[in-house]
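Below is one structure, written out as structure tokens; the observations come after it.
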Amino acid sequence: MTTLWDTTGSAVVKELAAQRRTGGAVMSGVALTLVVVADEGRVAEAEQAASAAAEVHPCRLLVVVRRQVEAPVPRLDAEVLIGGRLGPGEAVVMRMYGRLGLHAESVVLPLLAADAPVVTWWHETPPELIARDALGVIANRRITDSAMAADPVAALRNRAHDYAPGDTDLAWTRSTPWRATLASTLDSVSGRRGDLVRVHGGQVEGDPESATAQLVAGWLSARCGCTIQVVPTARVPGSAGIDSVELRLDQDEVVRLQDDRKGGAVINQPFRPEAIVALPDRSLGELIGEELRRLDSDEPYSEALEAVTGATGLSARPNCRDHVWYDPMRPQQTSEPTNGNGNGNGSPPSASPAASAATPAPTVPDDSTDADEVAESGEHDSPADDSDEQPVVQSPDAPSAAAGGAPTRKARTR
Amino acid sequence: MPTNPLRDPRDRRLPRVPEPCALVVFGITGDLSRKKLLPAVYDLANRGLLPTNFALLGFARRDWGDVEFSELARSAAREHARTPWREEVWERLANSVRFVQGSFDDDNAFDELASNLAELEGSHGIGGNAAFYLSIPPAMFPTVLKQMQRTGMAESSPDRWRRVVVEKPFGTDLASSRELNELVDSVFTADDVFRIDHYLGKETVQNLLALRFANTMFEPIWNGHHVDSVQITMAEDVGIGGRAGFYEKTGAARDVLQNHLLQLLALTAMEEPVEFSAEEIRTEKLKVLRAVSVPAEDDMVQFAIRGQYQQGWLAGQRANGYRQEDGVASDSSTETYAAVRLGVETRRWAGVPFYLRTGKRLPRRVTEIALVFKRAPHLPFAPTDTEELGHNQLVIRVQPDEGMTLKFGSKVPGSVMEVRDVAMDFLYGEQFTEASPEAYERLLLDVLLGDATLFPRNAEVEASWAVIDPLEAFWADTEPHPYRAGEWGPRAADAMLEADGRLWRRP
């Protein structure tokens with residue numbers, strides 16, 4: 001393991017190559033690159049999960065921690081490990097300070113395994129628009145976790161607005177054991193009848209605030225063609241936010257699955273004794289492992305998401321995004337998209353009206369280089385350039401100040 | 001499963017789970033059950049691949065109660081399971097475990113088994129579906145099968161399936177395998193008979209089909225125009241262990257060549273199946289097996305070699321000779337090594353020799369398929385530049401280190417032109433270490449799902465015996481060539497390739 005302080009992307013690439021040469025028997029090829037974007041406070045958790053997943057699916061692991069975007073001088077600290085605490089493969093943990101965090105892809109791109117799929121996982125509050133994070137734009141598959149948002153159901157709606165095929169959410173991954181059990185329960189009903197089973201209705205009892213419970217209900221609705229909702233229950237639901245699921249079938253039959261609080265579920269179905277199946281709590285690492293198994297787009301997820309949020313045509317959307325330049329230090333920058341020029345109506349297609357109601361849609365400059373002075377002039381060399389940005393750091397609490405500061409920049413975006 | 005609205009072929013997160021069913025194991029106290037079957041059942045349960053209503057019935061002579069049996073099953077599963085141990089998973093499984101004691105000719109015991117099964121149908125909701133695993137010596141088959149017929153346990157009907165799983169050896173020659181097939185088929189219908197060849201459950205073997213038929217760059221050279229010869233090796237470093245009684249009657253050719261090696265040959269040489277389904281793959285394999293030719297009678301001496309290990313040193317330890325093993329006759333002429341040159345008489349393979357070898361007490365445990373390519377028709381280099389260049393090779397390693405090696409020439413760095421062989425490695429476990437299911441786990445699941453893709457059909461078994469029988473007939477009155485434990489087989493086997501101007505690959 002080597003730690004490089006205040007380093008550059010090229011030095012990291014060199015160090016990785018050097019370690020690979022001296023490491024002896026190392027992996028000759030990797031099937032994918034996993035980019036983990038994590039908060040400083042959650043790095044340890046994310047590292048543990050990612051290395052557990054890497055045990056199952058060998059990958060190059062790139063952990064990106066963005067810190068103090070407001071720091072005046074950008075800096076990159078990197079830890080390069082091969083066969084160390086982050087599993088058998090190659091891993092780089094990068095801490096990016098200052099405005100470098102907004103250009104994380106400049107460090108990450110040369111580190112990606114050649115021509116192998118890229119999976120980006122945000123182990124933090126999911127980004128509002130994935131297009132705003134270049135690390136999401138370069139990924140073939142993007143993993144968010146709506147459960148980490150303050151309002152998971154709103155986060156889910158947000159995911160639907162922002163959806164592109166190849167997106168997935170850990171709230172959905174958490175539903176797999178329930179869904180598998182439900183499907184196999186209906187298998188045994190159809191096996192007994194030797195005929196088609198129809199679901200006329202039902203309900204998911206649990207926490208309506210839980211994204212997973214909502215997705216299970218959405219999936220059932222989408223598959224069965226009837227509305228199945230999450231209804232609150234007095235019992236404290238399990239980790240998936242589900243206490244029980246009841247399905248009303250044709251021929252007046254009812255099947256019911258109930259969480260037994262002991263890592264299992266009790267199945268009640270007609271003409272059969274009660275049965276218990278395992279419904280184990282899975283670790284974050286196992287969830288990520290499941291996500292890495294398939295890298296194609298997940299239609300059942302998009303259909304469940306449609307059913308939950310009322311959005312339509314999700315799977316028909318294009319599966320790649322264009323990067324949308326967004327500066328978190330000037331969240332107001334896009335509140336007046338037409339300000340200063342007549343040509344600023346280019347709000348991104350992914351920012352639907354509902355999303356822009358919650359947060360203003362950003363303008364789309366031709367490319368981020370054009371819009372960002374830091375990239376143009378190299379902040380590292382001229383930190384003085386940042387003096388005018390400092391007041392903006394406070395802007396989230398003082399929108400008027402930001403509005404005052406932004407227009408001068410606006411003119412330069414187009 | 002179109003009858004269940006929650007099943008969606010695009011939803012590949014949901015595992016394939018069999019219908020509610022019971023698994024009945026005859027000979028549950030045996031080695032195979034303890035080391036492979038019971039752990040496989042636990043692993044399947046742990047992965048959530050068993051149906052919600054599942055029961056396990058064990059049948060054996062030993063005088064045990066449910067509790068003792070459950071304890072044995074638990075320790076066996078715990079010791080050999082590949083997935084982490086979860087007590088709650090086992091407890092759930094243990095609730096549906098039953099043991100029936102009795103000998104195979106005991107009518108009462110089978111009546112009890114039948115009534116147990118009927119009872120489980122109600123109490124455990126297994127819906128009458130059951131798979132019977134015959135983990136017993138083939139000599140017992142007739143007795144057990146007749147008992148099953150008598151009690152009506154073997155009858156499939158539209159509302160329930162009954163399947164039987166048979167382990168190798170499937171007979172000892174063509175005649176006896178026909179007899180056995182007829183017997184099994186008279187009790188079960190042919191579609192309900194699953195013959196386990198655990199090699200076919202290995203990921204690499206299945207990957208061979210992906211390699212050949214999902215890629216464009218291998219198939220064009222996968223024929224006699226480019227392939228010089230094919231070597232299929234299955235080497236074991238162990239001796240015969242405690243299986244002297246069985247081995248004395250069987251020998252390496254019947255034990256390994258007839259099933260594993262010929263199946264690997266079939267998968268290597270077969271044409272593209274019309275679709276990836278059990279029926280189509282078996283059809284193509286059968287075609288190849290029928291096209292296999294053995295050396296002409298006069299050539300047998302040179303191209304059908306069998307050997308027997310003598311005392312020697314292996315892995316730093318002294319190893320006894322075969323004739324000194326417990327239970328082996330001191331003048332035994334059973335072979336522990338067999339090597340043979342076969343041909344595949346099709347347009348694709350005409351003229352390409354397939355060298356198959358298997359043996360015990362060889363230096364290491366390895367199974368591989370090596371395609372040795374022809375040399376380039378013209379080399380623009382000076383002869384001295386390419387002195388070290390051998391044949392290009394494509395090696396499929398079945399076990400251990402499942403994967404693939406490509407061997408080709410490359411320039412040695414330096415100021416002169418010198419081409420030497422290098423190896424490029426693809427290690428299956430490096431790209432996907434996802435704990436791939438153990439062969440028995442996979443095959444057991446396939447039986448419960450009714451997917452016969454990875455099981456040879458009886459016509460294949462008979463075609464394989466048709467290859468082995470002439471070899472056995474030739475060997476009948478000969479003595480095997482001796483080889484020292486710890487070396488790569490007898491000298492005669494090397495001579496066999498030298499006669500063709502080739503060399504065995506050292507695996």
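The values are calculated or read from the model by the stated rules, or taken from the named source; none is laboratory data. Here the structure is a predicted model, which is why all the values come from computation and not from measurement. Note that we place each Cβ from the backbone using ideal geometry, even for glycine, and neighbour counts take in every protein chain shown.
Within region B:267-285, count every residue that is part of a loop (DSSP other than H, G, I, E, B) and either outside the structural domain of B:VAL205 (by TED's automatic domain parsing) or under 22 Å from the mean Cα position of the chain (by Cα) (or both).
Count: 6.
Taking region B:307-321, which residues are assigned to a loop (DSSP other than H, G, I, E, B) and polar (S, T, N, Q)?
B:GLN311, B:ASN320, listed by residue number.
So which of A:ARG179, A:ARG223, A:ARG261 is among the charged types (D, E, K, R), within 12 Å of another protein chain (Cβ to nearest Cβ) and part of a loop (DSSP other than H, G, I, E, B)?
Unique residue meeting the criteria: A:ARG261.
If we keep just the residues of region B:100-148 that are within 14 Å of chain A (Cβ to nearest Cβ) and of a type in the set (S, T, N, Q), which is surrounded by the most Cβ atoms within 10 Å (Cβ to Cβ)?
Among those that are within 14 Å of chain A (Cβ to nearest Cβ) and of a type in the set (S, T, N, Q), it is B:ASN129.
Among B:LEU145, B:LEU180, B:LEU93, B:LEU117, which is the only one that is in a helix (DSSP H, G or I) and touching a Gly at 6+ places or on another chain (Cβ under 8 Å)? Step through it out loud before you land on a result.
Working: B:LEU145 fails: touching a Gly at 6+ places or on another chain (Cβ under 8 Å); B:LEU93 fails: touching a Gly at 6+ places or on another chain (Cβ under 8 Å); B:LEU117 fails: touching a Gly at 6+ places or on another chain (Cβ under 8 Å).
Checking each option against the conditions leaves just B:LEU180.
Can you tell which of B:VAL205, B:VAL187 is crowded, with 16+ Cβ neighbours inside 10 Å and either under 23 Å from B:ARG505 (Cα atoms) or of a type in the set (Ser, Thr, Tyr) (or both)?
Answer to the check: B:VAL205.
Scan region A:106-127 for residues that are closer than 19 Å to A:GLU15 by Cβ and surrounded by fewer than 22 Cβ atoms within 10 Å (Cβ to Cβ) and jot them down.
We begin by selecting, within region A:106-127, every residue closer than 19 Å to A:GLU15 by Cβ; these are A:106-114.
Of everything in region A:106-127, those that are closer than 19 Å to A:GLU15 by Cβ and surrounded by fewer than 22 Cβ atoms within 10 Å (Cβ to Cβ) turn out to be A:SER106, A:LEU109, A:PRO110, A:LEU111, A:LEU112, A:ALA113, A:ALA114.
Yes/no matrix, rows are residues, columns are (1) over 26 Å from B:LEU286 (Cα atoms); (2) within 14 Å of chain A (Cβ to nearest Cβ); (3) of a type in the set (Ser, Thr, Tyr); (4) exposed (fewer than 13 other Cβ atoms within 10 Å of the Cβ):
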{"site": "B:ALA329", "(1), (2), (3), (4)": "yes, no, no, yes"}
{"site": "B:SER333", "(1), (2), (3), (4)": "yes, no, yes, no"}
{"site": "B:GLY351", "(1), (2), (3), (4)": "no, no, no, yes"}
{"site": "B:ASP385", "(1), (2), (3), (4)": "yes, no, no, no"}
{"site": "B:LEU394", "(1), (2), (3), (4)": "no, no, no, no"}
{"site": "B:LYS407", "(1), (2), (3), (4)": "yes, no, no, no"}
{"site": "B:SER415", "(1), (2), (3), (4)": "yes, no, yes, yes"}
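Every residue in region B:20-56 that is touching an Asp or Glu at 6+ places or on another chain (Cβ under 9 Å), part of a loop (DSSP other than H, G, I, E, B) and aliphatic (A, V, I, L, M), please.
Result: B:LEU49, single match.
Residues are listed down the side, and each one gets a yes or a no for (1) more than 19 Å from B:VAL294 (Cα to Cα); (2) assigned to a helix (DSSP H, G or I); (3) modelled with pLDDT of 95 or more:
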{"site": "B:MET424", "(1), (2), (3)": "yes, no, no"}
{"site": "B:ASP446", "(1), (2), (3)": "yes, yes, no"}
{"site": "B:PHE455", "(1), (2), (3)": "yes, no, no"}
{"site": "B:GLU460", "(1), (2), (3)": "no, yes, no"}
{"site": "B:GLY486", "(1), (2), (3)": "yes, no, no"}
{"site": "B:GLY489", "(1), (2), (3)": "yes, no, no"}
{"site": "B:ARG505", "(1), (2), (3)": "yes, no, no"}
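Is at least one residue of region A:241-254 crowded, with 20+ Cβ neighbours inside 10 Å, away from chain B (no Cβ under 12 Å) and at pLDDT below 90?
There is at least one residue in region A:241-254 that is crowded, with 20+ Cβ neighbours inside 10 Å, away from chain B (no Cβ under 12 Å) and at pLDDT below 90.
Residue-by-condition table, conditions (1) in a strand (DSSP E or B); (2) within 26 Å of B:PRO456 (Cβ to Cβ); (3) touching an Asp or Glu at 6+ places or on another chain (Cβ under 8 Å); (4) not basic (Lys, Arg):
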residue: B:LYS287; (1), (2), (3), (4): no, yes, yes, no
residue: B:VAL301; (1), (2), (3), (4): no, no, no, yes
residue: B:ILE305; (1), (2), (3), (4): yes, yes, no, yes
residue: B:ARG323; (1), (2), (3), (4): no, no, yes, no
residue: B:SER333; (1), (2), (3), (4): no, no, yes, yes
residue: B:ARG341; (1), (2), (3), (4): yes, yes, yes, no
residue: B:ARG347; (1), (2), (3), (4): no, yes, no, no
residue: B:GLY351; (1), (2), (3), (4): no, no, no, yes
residue: B:ARG357; (1), (2), (3), (4): yes, yes, no, no
